[in-house]
Structure formats: structure tokens, C-alpha cells
1. What does the charge dipole of chain B about its Cα centre add up to, to the nearest 20 debye, if the Cβ of each Lys and Arg holds +1 and the Cβ of each Asp and Glu holds -1?
2. Relative contact order for chain B using alpha-carbon pairs under 8 Å, separation at least 6, rounded to a whole percent?
3. Apply 1/(1 + (r/R0)^6) to the Cβ-Cβ distance of A:GLU96 and A:GLU524, taking R0 = 30 Å, and write down the FRET efficiency to the nearest 0.05.
4. Shielding by partners for B:78-85, please: the mean number of other protein chain Cβ atoms within 10 Å of each residue's Cβ.
5. Please compare each pair in A:LYS644/A:LYS689; B:LYS80/B:LYS205; A:LYS11/B:LYS115 to a cut-off of 27 Å on the Cα-Cα distance and tell me which ones are over it.
6. If R₀ is 45 angstrom, what is the calculated FRET efficiency for the pair B:GLU75 and A:VAL408, using the beta carbon separation as r and rounding to 0.05?
7. Compute the signed sum of charges (Lys and Arg +1, Asp and Glu -1) over the other residues within less than 13 Å, Cβ to Cβ, of B:LYS69.
8. Relative to the Cα centre, what is the charge dipole magnitude of the stretch A:55-238, using +1 at the beta carbon of each Lys and Arg, -1 at the beta carbon of each Asp and Glu, and rounding to the nearest 20 debye?
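All of the numbers you see were taken from the coordinates with simple rules; none came from a lab. Quick caveat: nothing in here was measured; it's all calculated off a predicted structure. No Cβ is skipped: glycine too gets one built from the backbone with ideal geometry, and neighbour counts run over all protein chains shown.
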Amino acid sequence: MWHKISFRLLKHELKRGELTIMALAIILSVTAVLSLSIFSDRLQAGLTERSSEFLAADRVLSSRRDIPQEWLEQAGQMNLKTSWKVVFNSMAFADENMTLVDIKAVSDGYPLRGQLEIADEPFGQGYVAEGLPAEGEAWVASQLFQALQLDIGDDIEVGNSSFKVTKVVTYEPDVGFSVFTDSPNVIIRHSQLEETGLIQPGSRVRFNVLMAGDNSDITAYEDWLLPRLNDDTHSWRSIEDGDSPLSRSLNRAERFMMLASLLGVVLAATAVAVAAQRYCQRNYDVVAIFKTLGASRQQIRRIFLLHLLLLTAASVAVGMALGWAIQYVVIEWVAQKLDATLPQAGWQPYALAGATGVISAVMFTLYPLFRLVSIPPLRVLHRQLTAGNAVRWLQWVLSGGTIYALLVIYSQQWWLSTALFAGGAVAAVILLGLGRLFISASRKAGMQAGSSWRLAMAGLQRRAAANSVQMLSFSTAIMLLLLVIVLRNDLLEDWKRQLPADAPNYFAINIAEDNVDDMQSMFERENIPSTDLYPIVPGRLTHINGEKLEDEVTKEERDEEVSDEDASENDGREGIGRELSLTWRDSLPPNNELTAGEWWGDNAEPQVSVELNVSERLDIKVGDELRFNLGGEEFTVPVTSLRKADWNTLQPNFYMIFNTSTLEDFPATYITSFRLDEERKSDLYELFKPFPQASLIDLDAMIDQIREVIGQVSLAIVFVLVLVIIAGALVLVAQVQASMEERQKELVILRTLGAPGKLLSRSITYEFLVLGAISGLIATLAMEISLFILQNQVFNMTPVIHWKLWLLGPAFGAVVVAVLGRLSCYRLIQRNTAQLIRKLT
Amino acid sequence: MLIQAQQLEKTVDTSEGPLQILQPINVSINAGDTVAIVGASGSGKSTLLSLLAGLDLASSGEVLIENEKLSELDEEQRAKVRADKVGFIFQSFLLVPSLSALENVMLPAELAGHKGAEKEARELLAKVGLEDRWHHYPNQLSGGEQQRVAIARAFVGQPKILFADEPTGNLDAKTGGKVEELLFDLNKDYGTTLIVVTHDQRLAKRCQRVLQMDAGQLSEAAQDVA
Ligand SMILES: Nc1ncnc2c1ncn2[C@@H]1O[C@H](COP(=O)(O)OP(=O)(O)O)[C@@H](O)[C@H]1O
Ligand SMILES: [Mg+2]
């Protein structure tokens, strides 16, 4: 029987629109979460796919020693594609010329992600390579043609072997950002590695196995492989712990997406809670009547639980369909805009969205429902009787626990969830207090104003308890909105700063000392923006404060450790314990920042300035004595300053900078980076003909790739912004709806007392204006605080205060809340008194 | 003896300390009686009604319905007693706004799990003259019509006792008179025990017994008719 009653009630309530807001809230939350998570899932998959190109693989296994062939075979059996990439330094000879090159011995399949591009002449137009050089052939970088005076078809000798140069390599996906410390690349086949005779015990070789495949296969292989790895010799890398600024940007993007989902969930939960509360309150009388007529608690519980479940199921289904449709449309649009297809999402977003809908619907309605069931039948005689507040804590436990659980599900990070949750709770309490304060302040101010204002402020105060809760959600919505806007701007700014339009797109290295002046004047004459030319003297750091750094054998291990650490840090991975690129200068390089000590200026005493990361790694402080060995000549200098270098700029950066008098007598080569616009690229060969010794490294391809990824991320952020705006608006409407009953009653009384319609409609507008403005103000404050924490803790950005928003926030809040409030109350004001009274009874 | 109140007292806690709403009350009501409770507003009539119907619990004393002590029943069991034996009519009608007239009338029978609730409800609606308004919702009905629906609902399932708290209090004299007629007509048909709280002298006069409530004290009024 009870289910008949339940269906009947549900049908009528649906028809009467009583459940619309609640259904909309659930639909919205499911829609938002689903579209957002599918979208970010697909986008992330797309980003990862693109970024995997920077590794040329999904995972890379690296080692200083050879890697067992059976590990590759196992990977093959587990459906992974594999390819060798063995990298080492060697001298290359052609006729009388010789130069240091990077040999890259690769096997079929390389690159597993991304594409290798080649050209038929040095600095020529590149095209995608099909396959690899044939046996006995080598593909080499453009700059090698200058250094070795080569032509296509000439032979170069490497170790015991000779290779015929058949193509020019113009783009390798996995060159990384530390190129300027590297030598030009020579690509040969892995099968010919052995006959070069260069792979000897103790030679400095990095063996890499590239792997690519489905995520599940990779995970399965990882389970097999990881226990077999030796921490000291092996490193296992994915793009997430790659060392490029791109991978760091990608990480930020991921965190941003995750945060956006969290914001969406909290908003949706707020809407559901507000709607559920109102729904249950509206049913207090119904339950009292039911109980008076002899209904048992169980019957009532079943009747309303069934409502809830039916409503939830229907709303979740609608939400799923809508969410899917939205992401489909948006993705189509993005794909068209970016001219790229994004991989399909897995089942997780659907599970996540469904779970979010069900969990927030059930958990946030449980307490109001609990109260509803406990309404005493006596309410039929005493209308003021409501359910006891004895289990108030249950509400806090339920909603708090739910939000926390959702946080954990979304972020999959305990500490972040706990921090956000605790912060949110503290903030909520403070905001509630602030809201009360503002309301009573505006009430006082209202007493001095005209009658509409007075009425508005009185209304605001009368509903103070409800209003401060409303304000909390208005504030949250506005705050999230501001947060998204600001974060988006700051993130984009941050990224743009990393890659300004005039970012250098070439490095020139190995510049002879005699050529420095000529090259500088060439840059000036040709109007090519460039950095200073920095001298490079190779040298080793051997002692710190007289303490010898480890000898050769153990130093080997130290290299291992340092380079692995470097992999997740900055470039210059081959930095310490072995050859370092040392330089000298009178002035602090641009984009460097002194963090300790003082810059030397004119001081001619020998001294050195150390880069911050290195100083931390080696525990070097100002005043320490460092001993260097430069080609056999040793000297000791004090550290007089520590510097922070910006590794994201495409400029030469150095771990060790000496003052001029210390190093200037050592033989040096020079390095610079410069920008050459697209249309002038064909001049490059001519421009650099006078400097045959110099080598050029083209960064444009890499920069383009980064730009594209940033473009995708920006689009995603716009999408998130739109969703948060819609979600926020719905919460506002739900809130206004929740106060409607009371407003109607008031309006009837005031109308009956003869208050003119204009006065009433104005006072409603003013009330919403003030409510919105206060919410906006609180939101701005909360936004600044959370932004400060976020930027400090999550995004590693420098926090700034956004003064403009202190105006924008309140104004925005006032306008939006007033418009939404007025629209929701439109019918109320239009109705005449008789209709209103009728509706109330 | 259908209903008995023995030393029934009600005290509530207010901000100014405990307030005794009902002095010890002793009253017995026989099956088939019609009893009016009259008295000034705030004298405790509704409170007494709520105790007799088991909507609320007494502070001390006892209510027995068919010799069953309400104080020994829990809330669920008292609900069961109401479902089986009691009907209600209120001053403010108290129809379920999201159910139609017919569904409102069916409600008690359905909650009690009776079969044939709809047929019975339709018959009762016909008796109160609203058979063609069955699909209307409370907000589509006038006050008098709503109270007629409430009367139909009160008789559904043939309760032994009917409690009415100022059933005509919200209605104008003419409509009130019509509602009153209906109430007594149906009561006669069904042979229900009627306990009605009222300000309406005329209504009170139609009852066999009139009880006077004065500041929580109940006494038999003079015009007791045999
Ligand atoms: N729960 C309560 N708390 C405080 N006062 C109450 C409560 N219930 C009833 N009263 C008071 O008891 C008195 C009797 O109420 P009631 O029985 O409704 O009177 P009547 O129905 O005769 O008008 C009133 O003054 C009312 O305010
Ligand atoms: Mg009363």
C-alpha cells in the first residue's frame, strides 16, 4: 500500500514542481561532474599522449648498465611495444675534422610516441621519417654538417665503425630541454652498437628501453618489473616525473582539473542539501497528518525514501545523458579547433558521476529525512512543533563526512582532502560569523534609509539565520567563480611568462672566443634578439671545505644518484661530480635572483656564486670553500652568493658563476640563445657561415608543442568556468526558492496592510542586492585567502592580491543575486493578494 | 466504557517555569456518545483532545481506550490505535495538499492496509456531496468543501471515535451550518462516538453531553441531556 501512496505523492509533487529544484540540483551535479570528468579525462589522456612524445614513449627504463633482453621480451609478451635507445658521447671524425657528438643508437619502433622528422639537407624543411636509418647509415643533426664540414652522402667515423650520412635530423621528440649542454646528435641502429666498440665496461653510456601500451598493460608490467629493479642503477620514468617545463605545466593542469571537479561537487552538494531541506520542511505537515491518521514511522520512512530513490535514479539518468551530450559537443568543438582527436574516456567518469549523484542525494537528504520522520503528530494542533534538534550533530557528521569522502574520492590524496576540508570548515564558521555581522550592520544602516530600504534590511535581519546560511552558499559560489577566473588568469600568465612570444628559439653553442665580437655585432646588425654570450669553461668540483668528493668508483654511483634526481628536478642532469659548465660574469644574469650573500661587482678576489638547487643538493652555504679542477689546474674559491635561476626560460643557465678575474684566462667556448623569426629561417645558413665552429640547436618545434598543449588546457579551463557559473547560478536559485514560502507570507501581510506594490518589489530587490553584495565581499575575502594557500601549496606560484576583485566581487554578487532573486520572485510580486492568500492556505 | 480519563494532568515547561495546562481530569465517555467540549480559547480543550487521541502523552494520569492504557503503548502502537479506531477533523482542515480529494479520503484506509479503500472513499465523497470533485486538489476547493472532504476522510474505515477540533471555526456561519449537518448526519449513520471541541453554542446543543473547560479544569455543563 505504502508504495502506492508514495508514487501518488511523488507524481503530484513532480507535477506541482515541488521537486524540480532538487531534481535539477542532482541532474546538475551529475551533468557537471560527468561532462567535466569525461572532458578532463579525455583531455588529460590527450595531453599525456602528446606529452608522452617528449619521452618518445609512455615509460622509459634507464640504466647505466645493459638491460636484460628478457625484460624487453616480457614487456612484449605483456602487449607493450618496446624500443632501445642507448645514448653516449663520442668523438666523430670526418676527414681531418672531429667533434664531440651524442650517439643515439635506437631500434625499430623508435620513437614509440611522437615522430622523428628528417630533411634532405642541413636546416632544410623537415618531414616525418618512415622508419630508421638503414644498417651502415646515420642520420645526423644539422649543426654537425657545419662542425664536420659534411655533405649528404659523406662518411663519418665513430669508434671502429663508419656510417654514411643519409639524412638530416630536424626534430626528435625526446631531445628534452637540456639540449644546450649536449652535443649534436647522431642516430644509428642499435644493432650496430656493438661493432663500434664504444660500449666498454666503465664507459659512460645510458641504456634506455622505451615502452608504450595501454595503461592496464603498463600497470601490469610495472607490477612485474618494479620488484626486479635496483634503485641504484635503474630509473623508471613516466611523463609525470619528466623534467621538462611542459610536464610541470601538465601537472598543474591536472591539479587544476581536479580542483575544478571538487568545486563542482561542493556546489552541487550545496544545491542538493538546500533543496532537500526545503522539500522536507514542506512535508512536515504532511507527515504530521499521516501520523495522526495512524501511519507508522516505518510507513513514512518507506514512503519518503522511495521518493528520494526514484527522484535520484531519474535525475542521475537525465544527468548522465545531459553530461555525455555536453562533453560530446564540447569535445567536437575542441577537436575541430585543435585539429586533433582526443582519446575516449574510460568507465570511471560515469561511475564517479553516478556515485556523486547518488551519494550527495542520499547523504544530504538523510538528515532532513530523519527529522521529517520524527515530526510529532501533535504538530497538527501546534504548528510550531518541529522535529527535535537532538541529533543535530548527525547533520554535521553526515554532510561533513560526505564532503570529505567525496574530496578523497576526487583527489585521491589524503593530505590534500584533509587540508581542504579543515580549511573549508574553519572558513565556513568564520564566514557565517562575518555574514551575521554584516547583516546586523546593514540593518542599522537601513534604519536611516527610505522605507523600501528599511523594509529590505528588516527582511534581511529577520531571516538572519537562513540568510547567513544562504550567504555562505552565495559566497561559496561567487568565491569559486572568482577562484576559477583568477586561477585561470594566473596560470595562463605564468605559462605565458615562461614562453613569451619572443622566447629564444635557437641556441648557439661551441662559439669560438675569436668569434664572440663578430657574432654579437652580427646579432645587432641583423636585429636578432639574443642573450649575452656566456663563456663556458669545463671543470670539476672536487672538494667542499677541503672534504674530497667521492673518488672515481663511488663517484660513479654518485652520478647515478644525482642524475636520477635531476630527472625530476632541473636540467643539467650531468652536472655535478663530473664535468660542469663553468662561466664568468661581472653582473648577475637576467632572470637570476640572489638568495644569499652578495654579488661581487668590482671585487677581483676569486669567488663563486652557486645556483640554489645545487647548493641545496650538495649542502653548500655562503662562505664554504669550493675546490675546482679545470683541465688539471686546481684552485679554491669561497662561495660568496647563492642564486635562484629561472630554469623555465630558454636561456643559458649555470650552476657555478665565477667573477671575471678568476676564470678569464682559461680557454673557453661561448654559448647564447637568440630568436629568429619564422620567415628569416632560410637566412640561418648564411648568417652562421662565418662561424663554422658554432653549433645551432632549433627549439621551435618543441615550443610549438608546448603552445599547443597550453592551448588545450586553456580551453579546458574556459569550459570549467562556464560549468561553475551555471552550477553557481543554480545554487542561487535553489536558495531563493527556499526562502519563497516565508516571503509569500510576508508579502501577503504587507499587501493586506496596504503596502504599494512598488515598495514591495523595490524592497525585495534591495534585499537581494545587499545579500549579494555582502556575499560578494565575503567571497572575495575567502577567495584571496584560499588563493594564497593554493598558490603557495599546490601550484607553486607567487601569490598576489587582486585589488580589482574587491570591487568586482561585491558588484558581481549584488547584480547576479538581485537579478536571479528578482526573476525567481517575479511571479510572487505579480500575483495579487487574493491569489497569494489562496496559495498559502 | 469506550474512553476513560483518570487523574489526567498535563504540565509543560515554559521559559517561566512549568505551566499546568490541565488540572487532574476524570471523565468517561460511552460508545455512541456525542460529547461537546466548550470553553474559552486557551483553556486547554485542544490539549485534552490530543491526550485522549494519544497524539501526546500526559504528564500524569491515564487515558484508556477500550480499556487499553495509552501510557503503556509506544508511539507506534498508539499510531496503530489511531489507525484502527480514531478519526479526526481539524479547524484548519489539514488535507494533504499534494493529494487529490479522493486520495485524501482514501489515505487512512490505505495506511491501515484496508482493501477496497477507493470504493469506500468514493461513497463517502458522494455522501458529503463532492463526488464530482474527487480529482480536485485542496487548493482548488473552498474552505467548506475542504472541510467536507476532511469529514469524509474522518469516517473512512468506520472509526469508533471521531475527534473534531473546532470543525466550523474557520468557516462562515452558513457554511459552518452545512458542515455541521453533514457531521451529525454521518455520525448518526455510522454510530460513531463523537467528541467535538467547539465555540459554537448551536453545535454544542446538538450533543448529548457538554463538558465545560475552565483554565484546565473540566466540569459537566448544566444542560446535560439524558
Ligand atoms: N507545548 C506547549 N508549550 C507551552 N504552552 C502550551 C503548550 N501547549 C499548549 N500550551 C498552552 O496551553 C494552553 C491551552 O492550549 P489549548 O489546549 O490549545 O487551548 P484551547 O484549545 O482551549 O484554545 C494555551 O495557553 C497554550 O498556549
Ligand atoms: Mg484549540
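1. Rounded to the nearest 20 debye, it is 560 debye.
2. 28 percent.
3. The formula returns an efficiency of 0.35 here.
4. 4
5. A:LYS644/A:LYS689; B:LYS80/B:LYS205
6. Result of the calculation: an efficiency of 0.70.
7. Counting the neighbours of B:LYS69, the net charge comes to -4.
8. 520 debye
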